[in-house]
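Novice: Quick one: structure below, then a few questions.
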Amino acid sequence: MTNETRPVSRRERLRAQTLQEIEDASFAIIDAEGVQALSIAALARSMAMSAPAVYRYFPSRDALVAHLVTLSYGQLAAAMSQAVQGSRRAPRSRVRLVVTAYRDWALRHRCRYGMLFDERAGDLPSEVTTGTPLDDAMALLIDLLVGVQDGGRVAGSSGDRTLDGQLRLWARSQERPDIAPDVARAAILIWTRVHGIVSLELTGVFDNRTLEAQRLIDLEIDNAVQSLT
């Protein structure tokens, strides 16, 4: 018995093509003017379509933005994963590659990056704010930090309300209940501090200053990694 792929109909091909064009046109608006400039009417004008035609693909602007947020998370996560794909460098060096890819993507796609961390509209689907492809990037960072630590793993009680207990709960939320609290701590410190530095860089805080964002990021990585060795 053979598994035959069902031929894609012309209608399905045209729908997929139009969806891709909607995504591309939406990102063009966001990249040029920010997500606040994106509306169904503006999108329809840029594509020479009618607004009702766009609504056949997305029932509202919020649904469209939710879709674009999910796509952007995937793009960022893919950039981070590709940065170390096939690399044989030591885990410490690969941590730097992953973080550099994060910053580079943010600098290339400033408005998309800002869109990822904007306050969400109340009626956006919950999956936009819970599980995202960026969780895969965090899992990659955790694996690299486990490699830096050379395999230290600790189990703990979910009833522990100390910081270590909270870190264990966070590890479980990432579906990694076996990782040690110090690995979880290093991952969170890298994530939050790099995000903070990049966000400040995007607002121009470091413009015309002697401080270099990349040097600050390198210092944060070194401090987090040092805690594991």
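Novice: Hey, among A53, A32, A42, A28, which residue is more than 26 Å from A101 (Cα to Cα) and exposed (fewer than 15 other Cβ atoms within 10 Å of the Cβ)?
Specialist: A53
Novice: Would you confirm whether any residue within segment 13-21 is basic (K, R) and modelled with pLDDT of 85 or more? Show your work before the answer.
Specialist: From segment 13-21, those basic (K, R) are 13, 15; that's our starting set.
Then keep just the ones that are modelled with pLDDT of 85 or more; that gives 13, 15.
Yes, segment 13-21 contains at least one residue that is basic (K, R) and modelled with pLDDT of 85 or more.
Novice: For segment 34-53, how many residues are under 24 Å from D118 (Cα atoms) and in contact (Cβ under 8 Å) with a residue 24 or more places away in the chain?
Specialist: Adding up the residues that qualify gives 4.
Novice: Now for a separate question. With the requirement that a residue be surrounded by fewer than 18 Cβ atoms within 10 Å (Cβ to Cβ) and modelled with pLDDT of 55 or more, what does segment 117-138 give you? Steps first, answer last, please.
Specialist: Restricting attention to segment 117-138, the residues satisfying the condition of being surrounded by fewer than 18 Cβ atoms within 10 Å (Cβ to Cβ) are 117-127, 129-131, 133-136.
Passing the criteria: F117, D118, E119, G131, P133, L134, D135, D136.
Novice: On the given criteria, is A101 of a type in the set (G, A, S), in the same structural domain as D143 (by TED's automatic domain parsing), touching a helix residue (DSSP H, G or I) at 6+ places or on another chain (Cβ under 6 Å) and within 22 Å of D135 (Cβ to Cβ)? Break it down stepwise before answering.
Specialist: Working: of a type in the set (G, A, S): yes; in the same structural domain as D143 (by TED's automatic domain parsing): yes; touching a helix residue (DSSP H, G or I) at 6+ places or on another chain (Cβ under 6 Å): yes; within 22 Å of D135 (Cβ to Cβ): yes.
Here the answer is yes, as A101 does meet what is asked.
Novice: Any residue at all in segment 183-200 that's at positive phi, surrounded by fewer than 17 Cβ atoms within 10 Å (Cβ to Cβ) and either modelled with pLDDT of 90 or more or assigned by TED's automatic domain parsing to the domain that holds R94 (or both)?
Specialist: Start the filter on segment 183-200 by keeping residues that are at positive phi, which leaves none.
Within segment 183-200 (the criterion being at positive phi, surrounded by fewer than 17 Cβ atoms within 10 Å (Cβ to Cβ) and either modelled with pLDDT of 90 or more or assigned by TED's automatic domain parsing to the domain that holds R94 (or both)), the answer is no, since none of the residues qualifies.
Novice: Let me ask another. Using the structure shown, decide if R92 is assigned to a helix (DSSP H, G or I), assigned by TED's automatic domain parsing to the domain that holds W191, over 18 Å from the mean Cα position of the chain (by Cα) and not polar (S, T, N, Q).
Specialist: Values: assigned to a helix (DSSP H, G or I): yes; assigned by TED's automatic domain parsing to the domain that holds W191: yes; over 18 Å from the mean Cα position of the chain (by Cα): yes; not polar (S, T, N, Q): yes.
Against the criterion (assigned to a helix (DSSP H, G or I), assigned by TED's automatic domain parsing to the domain that holds W191, over 18 Å from the mean Cα position of the chain (by Cα) and not polar (S, T, N, Q)), R92 qualifies.
Novice: Contact list please: Cβ distance under 6 Å, first residue in segment 214-225 and without any contact (Cβ under 8 Å) to a residue 24 or more places away in the chain, second residue of a type outside the set (D, E) and assigned to a helix (DSSP H, G or I), pairs at least six apart or on different chains.
Specialist: L216/I197
Novice: Given the residues A63, A77, which is the only one that is assigned to a helix (DSSP H, G or I) and in contact with an Asp or Glu (Cβ under 6 Å, 6 or more places away or on another chain)?
Specialist: Working: A63 fails: in contact with an Asp or Glu (Cβ under 6 Å, 6 or more places away or on another chain).
When all the criteria are applied, what remains is A77.
Novice: Also, I was wondering about something else. Could you count how many residues in segment 159-195 are over 13 Å from D143 (Cβ atoms), over 18 Å from the mean Cα position of the chain (by Cα) and not in a loop (DSSP other than H, G, I, E, B)?
Specialist: So the answer is 11.
Novice: Does segment 41-60 hold any residues that are farther than 13 Å from D24 by Cβ, of a type in the set (S, T, Y) and not in a loop (DSSP other than H, G, I, E, B), and which are they?
Specialist: Across segment 41-60, the qualifying residue is only Y55.
The values are calculated or read from the model by the stated rules, or taken from the named source; none is laboratory data. Predicted model, so just to flag it, every value in this text is computed and none were measured. So basically every Cβ, Gly included, is an ideal-geometry build from the backbone, and we count neighbours across all protein chains shown.
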